[in-house]
Amino acid sequence: RAVSTSWCPVGAAFDAKQQQQPAPRGSAAGRETGLFGVPELSCPEGFQEAQDKALQESEWLVQKACSTPPGPETVMIFDQLSDALCRVADLADFVKIAHPDFAFREAAEEACRNIGTVVEKLNTDVELCQSLRRLLADEVVMSSLDPETRRVAELFMFDFEISGIHLDEEKRKKAVNLNVRILDLCNEFLTGAHLPNKIDKNVLPEHIRYNFTAEGNYLQVAGLHADCPDDLVREAAYKIFLYPNAEQLSRLEELLASRNSLAQLVGYDTFAHRALQGTMAKTPETVTQFLEKLSDQLSKRTQKDFEMMAKMKMKLNPQNSKLMPWDHPYYSGALRAERYNIDPGLYCPFFSLGACMEGLNSLFSQLLGISLYAEQTQRGEVWSEDVRKLAVVHETEGLLGYIYCDFFQRPDKPHQDCHFTVRGGRLRENGEYQLPVVVLMLSLPHSTRGAPTLLSPGMMENLFHEMGHAMHSMLGRTRYQHVTGTRCPTDFAEVPSILMEYFANDYRVVNQFARHYKTGQPLPKNMVSRLCESKKVCAAADMQLQVFYAALDQIYHGKHPLKKSTTEILKETQEKFYGLPYVPNTAWQLRFSHLVGYGAKYYSYLMSRAVASMVWKQCFAQDPFDRVMGERYRREMLAHGGGKEPILMVQGMLQKSPSVEDFVDALVSDLDQDFETFIMDS
């Protein structure tokens, strides 16, 4: 496809004033439409219409699947069924948290619930499952299928089995009830994890009370106040915010026990064994080995980090120099500031949003032959006037898909950076490719009269990280939407995004776009080097903390009944994997909200980082713009989405099979100081 006349350079679209003018009414782009160009979604009631259409289509596809003889068409029909439901559910998943209009959010929430109920029913539909089982049992047909089709058929069967389809009717009902109960417990636990704790204000010394929200005679403590320079404020916040709540404790215990019961009911030893099926790690035993070896390698460095923090605490507070868990985030930041004096304000003028977007455009162009263009939206297509729509275009293959950039802060918008799949890519029955559509959500400040939106180094790195997910979605052009883009195992899904952080921290890449928005002066090399080195200060202790969280998650989802209470397990695991003492009458696990979305998979971030580190060092560190490596990266790692075993994709890229030791070495070697910067600073 030739470059469209409605496309404009990406940098200009973001550094221009942020209010995008809708297209004139008479023009093609000026026609009214609904959210994401879905005509029904021009009003909240449209969700009911979209949902009814999807359910009608799914009923027809279920009948078709049950009457089709075993063959590749069976897998295609299952994928169409998945696509019909996901097209509404995925879009609604985004709208229910991000749309500024409450009526839209409510309608989307209702659609999510209804589609979820249908999916639960389909996962326990015996006749539908039989049609897939007939295919999987037919050796002749199975051997004639290509590997991706075989894998997708197996993944659909896995969805049936974890819902207990192979059980007798009584046990199947039990599995359905457990699934429903687990969903409720997850929602309740998430809500409880963020609720503030109250305390009588007279309990706290008068001079620190102003740090907390007053409510009559009580003070509300809504977080850990980790950045507060006052040791006493952090200590009070830690002890009050993490004080055990009996209801939340029983929710967690019931959630863990229910997950274990469900896993055992459908044939797994533990919930962790079920959750790790199909991942890079494959088994809980491998994860435990990885975490223990990493912890051993980190221990001396972590000890050194804690000693440095304790020295600094002693200097500032001689009466109380013992390092405690509430000290770690504050003193690691203070050490970073003391040693490198990194002031984000000095960097921001070099990182205007437009410059960063041009930097990404230039990088993708050199590595992958891909350009980003801003495209004018139709009336009603976006939910906020500052949302930008990007067309992702390959130099020979044409338009690959769309990225909607919801980058700016607004009231009631969740303060989180994330990537949403709104529509998955797939090969349609008519031979055309259904283009993927994603949203990237950030919380950037708006431009001011005198300056464009300026990013701190952390914001710039987050932008690169989320864009890594978006490129995975654009280039994971699989035949089936069930495995498109980022629909892959959790411990592989973060590899493309973390790899982008390595590009964001490389001077050769940054030097292509970081220019002072007023003077055009490039960002000096030593400022980039110092920024990178500052991130290594106390990085071992920071990583050790992640190991502790991941180990705790594995134990909670391991063998049941648990040998001790969740709090006693926390205390033991903290002593073994972290090193700072457990504080009596606290229960950090009740604030561990990742137990919901990442149950038994919290290790994924560390393992993905290890793979990204290996890919960077072996393939891109020498030349971050190497087109041959870029094409290999696309071919071996991005192109398959979740349609190929993750470890095989890693092997294809690295041209060897990495061991647990290789993963550990990659993470630990990232902590080493860069000699050149060290000498320069000395």
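Read the figures in this text as sums done on the coordinates, not as results from a lab. Keep in mind it's a predicted model, so treat the numbers as computed, not measured. We place every Cβ from the backbone using ideal geometry, glycine too, and count neighbours over all the protein chains shown.
Taking K and R as +1 and D and E as -1, what net charge do the other residues with C-beta under 15 Å from the C-beta of Asp626 add up to? Surrounding charge for Asp626 is +2.
One chain, two ends: Asp296 and Tyr582. Fully extended at 0.36 nm per residue, the span grows by 101.0 nm beyond their Cα-Cα distance. State the answer as a single residue: which of Trp383, Gly450, His419 lies farthest towards the positive end of the charge dipole of the chain, with beta carbon charges of +1 for Lys and Arg and -1 for Asp and Glu, about the Cα centre. Value computed over the given set: Gly450.
Remark: for residue pairs Lys311/Lys617; Lys300/Lys571; Lys293/Lys617, the C-alpha separation exceeds 31 Å in Lys311/Lys617. 3J(HN,Hα) along the stretch 424-436: x, x, 6, 7, 6, 4, 8, x, 7, 9, 6, 6, x Hz, from the Karplus curve 6.51 cos²θ - 1.76 cosθ + 1.60 with θ = phi - 60°, whole Hz, x for Gly and Pro.
Stokes-Einstein diffusion for the stretch 35-166 at 25 °C, viscosity 0.890 mPa s, with a Kirkwood radius from C-alpha pairs, works out to 155 µm²/s. Each 5 Å bin from zero up to the one holding the largest Cα-Cα distance in the stretch 445-521 carries the following percent of pairs: 3, 13, 18, 19, 15, 12, 9, 6, 3, 1.
Size descriptors for the stretch 551-594 (Cα atoms only): Rg and Dmax, in that order, 10.2, 27 Å.
Using a Förster distance of 25 angstrom, determine the FRET efficiency expected from the C-beta separation of Glu661 and Glu572, and round it to 0.05. For Glu661 and Glu572, the calculated efficiency is 0.45.
Quick one: if the Förster radius is 22 Å, what FRET efficiency do Asp200 and Ala246 give, using the C-beta to C-beta distance and rounding to 0.05? Calculated transfer efficiency: 0.70.
I'd like to compare 492-501, 622-631, 202-211, 158-167: which one has the highest average count of other Cβ atoms within 10 Å, and what's the full order after that? Write out the running numbers ahead of the final one.
Values: 492-501: 23.9, 622-631: 14.7, 202-211: 12.8, 158-167: 18.7.
Order by mean packing, descending: 492-501, 158-167, 622-631, 202-211.
Of the residues Phe464, Gly476, Cys488, the one whose Cα sits farthest towards the positive end of the charge dipole of the stretch 418-496 is Gly476 (charges of +1 on Lys and Arg Cβ, -1 on Asp and Glu Cβ, taken about the Cα centre).
Before rounding to the nearest 500, sum -39500 (n - 2.57) across all DSSP H runs of length at least 4 in the chain and divide by the residue total; then give [θ] at 222 nm in deg cm²/dmol.
Using -39500 (n - 2.57) per qualifying helix, the result is -17000 deg cm²/dmol.
In straight-distance terms, cross-link reach from Lys315 covers every one of the aspartates and glutamates whose alpha-carbon lies under 16 Å from its own, apart from those fewer than eight places away in the same chain; here that gives Asp230, Asp231, Asp305, Glu307, Asp327, Glu338.
In this rough spin-label picture, where each label sits 7 Å from Cα along the Cβ direction, the Tyr210-Leu346 distance is 3.1 nm. Distance between the pseudo-spin-label points of Gln416 and Arg428 (7 Å out from Cα toward the beta carbon): 3.3 nm. Evaluated with a Cβ-only charge set (Lys, Arg +1; Asp, Glu -1), the stretch 196-243 carries a dipole of roughly 140 debye about its Cα centre, given to the nearest 20. Checking the Cα-Cα distances for Lys173/Lys563; Lys413/Lys518; Lys53/Lys121 against a 20 Å cut-off, the pairs over it are Lys173/Lys563; Lys413/Lys518. Tell me the Kirkwood radius of the stretch 522-581: reciprocal of the mean inverse pair distance over distinct alpha-carbon atoms, in Å. Evaluated over the stretch 522-581, this radius sits at 13.8 Å. Summarising the strand pairing of the chain, around 80 percent of its internal DSSP beta bridges are antiparallel. The Kirkwood hydrodynamic radius of the chain, based on inverse pair distances between different Cα atoms, is 27.1 Å. Mind checking which of Tyr582, Cys43, Val439 is farthest towards the positive end of the chain's charge dipole, using Cβ charges of +1 (Lys, Arg) and -1 (Asp, Glu) about the Cα centre? Most positive-ward Cα: Tyr582.
If you place +1 on the Cβ of every Lys and Arg and -1 on the Cβ of every Asp and Glu, how big does the dipole about the Cα centre of the stretch 35-166 come out, in debye to the nearest 20? Write down the numbers at each step before the final one.
Numbers: 11 positive and 25 negative charges, 36 e Å.
Charge dipole, the stretch 35-166, about its Cα centre: 180 debye, nearest 20.
The Cα center of the stretch 427-461 and the Cα center of the stretch 497-512 differ in position by 17 Å.
Work through the residues other than Leu91 whose Cβ is under 11 Å from its Cβ and net out their charges, Lys, Arg +1 and Asp, Glu -1.
Spelling it out: positives minus negatives among the neighbours equals 0.
Excluding same-chain neighbours fewer than eight residues apart, the aspartates and glutamates reachable from Lys644 by a Cα-Cα span under 13 Å are Asp146, Glu148, Glu154, Glu636. A simple charge model with +1 on the Cβ of Lys and Arg, -1 on the Cβ of Asp and Glu and nothing else charged puts the dipole of the chain at about 960 debye relative to its Cα centre.
Across the stretch 214-220, computed HN-Hα scalar couplings (Karplus, 6.51 cos²θ - 1.76 cosθ + 1.60, θ = phi - 60°) run 7, 9, x, 8, 10, 10, 9 Hz from first to last residue, x flagging Gly and Pro.
Legend: calculated FRET efficiency, Glu253 to Ser42, from the Cβ-Cβ distance at R0 = 51 Å, rounded to 0.05, equals 0.65. The distance separating the Cα centre of the stretch 364-412 from that of the stretch 277-306 comes to 38 Å. Near Lys576, once Lys and Arg are set to +1 and Asp and Glu to -1 for all other residues with Cβ below 12 Å from its Cβ, the sum equals -3.
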